[in-house]
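Q: This is the structure, below, for whatever I ask next.
Throughout, read-outs are computed from the coordinates displayed, never taken from laboratory work. All values reported here derive from a predicted model rather than from experimental measurement. All Cβ positions, glycine included, derive from the backbone under ideal geometry; neighbour counts span all protein chains shown.
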Amino acid sequence: MSVNDGKKLLHVESIDVSYGKLKVIFDVSLYIDDGEVVVLVGRNGAGKTTLFRTIAGFLKIRKGAIRYREEEINPYKAFEVAQKGIRYIHQDKHVFSTLSVSENLELAGHAIGNKDFGPVFEYFPKIETLLDRRAGNLSGGERQMLLIAMALLGKPDLILMDEPTEGLAPHIITDLATSFKKISKTTTLFIIEQNLPLTAQIADRVYCMREGGIVAEIESKDEIKKMSFEKYL
Amino acid sequence: MWKKTLDRLGPLLVVLLVTVLRYLFPNKISFFTEIAIYTIYVMGNNILYGYLGLVSFGQPFYLGIGGYATALFLAYVGHNPLVALLLGIGSGLVFGIVLGPSFIRLKSSYFALINAALCAIGVFIFERLLIDITRGNDGLWFRSNMSKLPLLDVRLPQSFFLFVVIVLFLVLMIYRHLDRSTLGTMFRGLQSNEEKLKFIGYDTFKIKWVGFTIASCFSTFAGSLYAINFGFVNPSLGENSRAVEVIVATLLGGSGTVYGPFFGAFAFLGIKDIVSRWITRWELVVGILTILVLFRFSKGIWGTIQQYLLGIQKRVSGSNDIRSPKGSRSAGAGS
Ligand SMILES: Nc1ncnc2c1ncn2[C@@H]1O[C@H](COP(=O)(O)OP(=O)(O)O)[C@@H](O)[C@H]1O
Ligand SMILES: [Mg+2]
C-alpha cells in the first residue's frame, strides 16, 4: 500500500478514549487511504466499536487527534461529522423500525438532498421490492442491506461498518462480500469484522486490536490471504 | 385504494361530518364548535407526543398564552378578531422559539415536568401577577370589542361555527402535508432512533426545536379560538390540573396520526358532555379513560379503524405484505 503521508483520507493519531474514568482506548494510531478496504479485527471488548463511535464524533478523545482530509474532526458533533462525508453503520443493525423502508431511504437521502435511489437499487435490487415494508419487520440480512443503502444515499467518502455480517446466514454473507467489492470501487470502507475468512477475502489491509490498543497492522496481501492476523486475536 | 382516497378526502370528510352533525343537533352548536377547536389543541400535543415522542404535562399553559394574547389585544388594543388570532399564533411562535432550546435539551421526564412547572407559573401570572390587565379570576371580557368581518361575524355562534370549521379544514390540510413531508418523517425518525438520525447527518436538536415550535403554535392558536368563541378568558383556560386531559384525548384518538386528534377530541368531549350530566366530578372518568386507553386501547380510535380497514383490504386482496398504519404509535404498557 502507498504510504503517501499527509494525504490520508482518515488519520487517527495516538488517541485515548474513556467512558467516564474507565479508559478503553490507549494511544491508538491508524490511517485509511482513499479507495482502500481496511478491516479491523479483535475480540469482543477490545474497543473496536468505541473506536468507530469516536471517529463518528459520538465520543470525545482525551488525547491525540482524528484528522479527516487533514481536518481535525473530533470536536465536531456526530451529525456534522456525517455531513463531512463519513457514515457510521451501527453494530446493532437498528433502522428506523417504525418507518417504512422507503421512508428510511428518504431520510437518508434527504440529508444531502439526494432523491436518486437508482444507484443503490443496483447494489441491492432486493431493497426495491421491500419499499412499503415496515423496516422493523425486515430480516437481519435485509436490514443490513437497507443500512448500507442508507449510508450510500448520503454519498459518503468513507463508510464505517461495525460487524455488518454478525448473525447473518452464510449465503447472505457471500452476497454482502460481493457488494462490498462493488461499493469499494467508489467508496472507502473501514469494516469491523470477526469473520476471518471473509476478512481475508475483502481486506486490502488489516488492523488487529486488543485490549484497547492496535497490536498489529498487516499490509501484505499474502499474509492477509493466509489469515496471519489470527495470531493477534 | 380506499386508503389513498380516504387520506385525500380526509380533511373534507371530517369537516362535513362536523357540519352535518351540527345541523342534525342544532342546539349542540357550541359543542361542535368546541370539538373543532379542541382538535387543533390535540394536534399540537400530538406533534409532541405522537411524532416527537415527548410528553408535556403543561399544554394548558400554551392554550392560556394564546388565549390571553388574543384577549389582551381585543380588550385593549384593536378590534379585528383575525389580527387577534394571528397574534395568538405568533405568541406560540415566540414561546416555541424562546423556550425550545432549553426545554428540548432536557431528558424526556424532565421535559414533562418543566412544562408542568411552567403551567403552574402561568396560572399565577394570569391570575395574580397581571391582575391589573387580566382582571384575575373575574376574567377579561371583550366580546363587544370585536368588529364584524366583511363576510363573517364571529360574535354570532352560527357564523363562528362556520369560521372554525373552515379553519379546521385548512389546519387539517397543513397537518396532513406535514405528516407526509420529509419533516414529518424526520419527526417520526427522531422518535424511532435519534442516534441513527444524527449518524446520517441530521441536527436532531434543530428538528426537535422546529417540532416544539410548531406544536406550540397549534396550542396557542387553539387558545385564541377558545378566547374568541367565549368572548372572554379567565385563568382556568391555562389550568395546570387539566394538563392530562389533552394527553388522554391524544391517546384516545390515536397518537402519531393525522386524524387521530379529531377522533380523540370528539370522543373525549363527547364522553365529558354525556357523563357530566350525571356526575359532577367527571375527573373520575378521565382517570378511568386513561387506564383503559393505556392497557386496552393503545392504538386509539383512528388506529383501530385503520387496522380494521387494513384487515378488510387484506381479505379482499389476499396480500400478506401490508405494514401497520403509518406511524401509529402504541402507548400501552411495555411497548
Ligand atoms: N457505554 C459504555 N460505558 C462504559 N463502558 C463501555 C461502554 N461501551 C463499551 N464499554 C466498555 O468498553 C470496552 C470496549 O467495548 P467495545 O468498544 O464495545 O468493544 P468491541 O466493539 O471491540 O467488542 C469494553 O470493556 C466495554 O465493556
Ligand atoms: Mg463492538
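Q: Calculate for chain A the 222 nm mean residue ellipticity that helices alone would give, adding -39,500 (n - 2.57) per DSSP H run of length 4 or more and normalising by residue count, nearest 500 deg cm²/dmol.
A: -8500 deg cm²/dmol
Q: Measure nothing fancy, just the Cα-based angle from helix A:170-183's long axis to the longest principal axis of chain A, in degrees from 0 to 90, nearest 10.
A: With rounding to tens, the tilt is 80 degrees.
Q: Counting other Cβ atoms within 10 Å, which trypsin sites (Lys or Arg not before Pro) in region A:61-116 have at most 12 and lie in a DSSP loop?
A: A:62, A:115
Q: Report the one residue of B:85, B:122, B:177 whose Cα lies farthest in the direction of the positive end of the charge dipole of region B:2-240 (charges on C-beta: Lys and Arg +1, Asp and Glu -1; origin at the Cα centre).
A: Of B:85, B:122, B:177, it is B:177.
Q: Is it possible to state the helix-based mean residue ellipticity at 222 nm for chain B, with each DSSP H run of 4+ residues giving -39500 (n - 2.57), the sum divided by total residues, to the nearest 500 deg cm²/dmol? What is it?
A: -22500 deg cm²/dmol
Q: Chymotrypsin sites (Phe, Trp or Tyr not before Pro), restricted to region B:262-296: which are DSSP loop and have at most 13 other Cβ atoms within 10 Å?
A: Answer by residue number: B:278.
Q: Between residue A:227 and residue B:206, what is the spin-label point distance in nm, taking each point 7 Å from the Cα along the Cα→C-beta axis?
A: Placing both labels 7 Å beyond Cα along the Cβ direction yields 4.8 nm.
Q: In nanometres, what is the gap between the two model label sites at residue B:7 and residue A:122, each 7 Å from Cα along Cα-to-Cβ?
A: Inter-label distance under the simple model: 3.0 nm.
Q: Follow-up. Using R₀ = 45 Å, calculate the FRET efficiency as 1/(1 + (r/R₀)^6) where r is the Cβ-Cβ separation of residue A:137 and residue B:273; round to 0.05.
A: Result of the calculation: an efficiency of 0.65.
Q: Another one. Identify all aspartates and glutamates with a Cα-Cα distance to residue B:148 below 19 Å; exclude those on the same chain that are fewer than 8 residues away in sequence.
A: none
Q: How big is the gap, in Å, between the Cα center of region B:1-79 and the Cα center of region A:70-95?
A: Centre-to-centre distance over Cα atoms comes out at 41 Å.
Q: Let me ask something additional. How far is it, in nm, from the label point at residue B:17 to the one at residue B:292 when both lie 7 Å from their Cα along the line to the Cβ?
A: Distance between label points: 1.8 nm.
Q: Whats the longest run of chain B with zero trypsin sites (Lys or Arg not before Pro) that are DSSP loop and have at most 11 other Cβ atoms within 10 Å?
A: The segment B:108-276 is the longest one with no such site.
Q: Which far-off residues, 5 or more places away or on another chain, put their amide H under 5 Å from the one on residue A:72, with H placed in the peptide plane?
A: Answer set, sorted by chain and number: none.
Q: Hey, another quick one. With +1 on each Lys and Arg Cβ and -1 on each Asp and Glu Cβ, and nothing else charged, work out how big the dipole of the protein assembly as shown is about its Cα centre, in Debye to the nearest 20.
A: 1240
Q: Straight-line reach from residue A:226: which aspartates and glutamates have Cα under 20 Å away, leaving out those fewer than 8 places along the same chain?
A: Partners found: A:36, A:193, A:204, A:217.
Q: Moving to a separate point now. Please work out, to two decimal places, the log10 of the ratio I(q)/I(0) at q = 0.10, 0.11 Å⁻¹ from a Debye calculation in which every Cα of chain B carries one identical scatterer.
A: -0.58, -0.71
Q: For region A:129-143, what does the Karplus curve 6.51 cos²θ - 1.76 cosθ + 1.60, with θ = phi - 60°, yield as ³J(HN,Hα) per residue in whole Hz, taken in order and with x for Gly and Pro?
A: 7, 10, 3, 8, 6, 6, 4, x, 9, 6, 6, x, x, 5, 5
Q: Hand me the GluC sites (Glu not before Pro) from region A:11-85 located in a DSSP loop with no more than 13 other Cβ atoms within 10 Å, in residue order please.
A: Passing sites in region A:11-85 are A:70.
Q: My understanding is that a pair violates if its Cα-Cα distance is over 20 Å; which of A:77/B:206; A:21/B:198; A:21/A:48; A:155/B:198; B:3/B:299 do that in this structure?
A: Result: A:21/B:198 exceed 20 Å.
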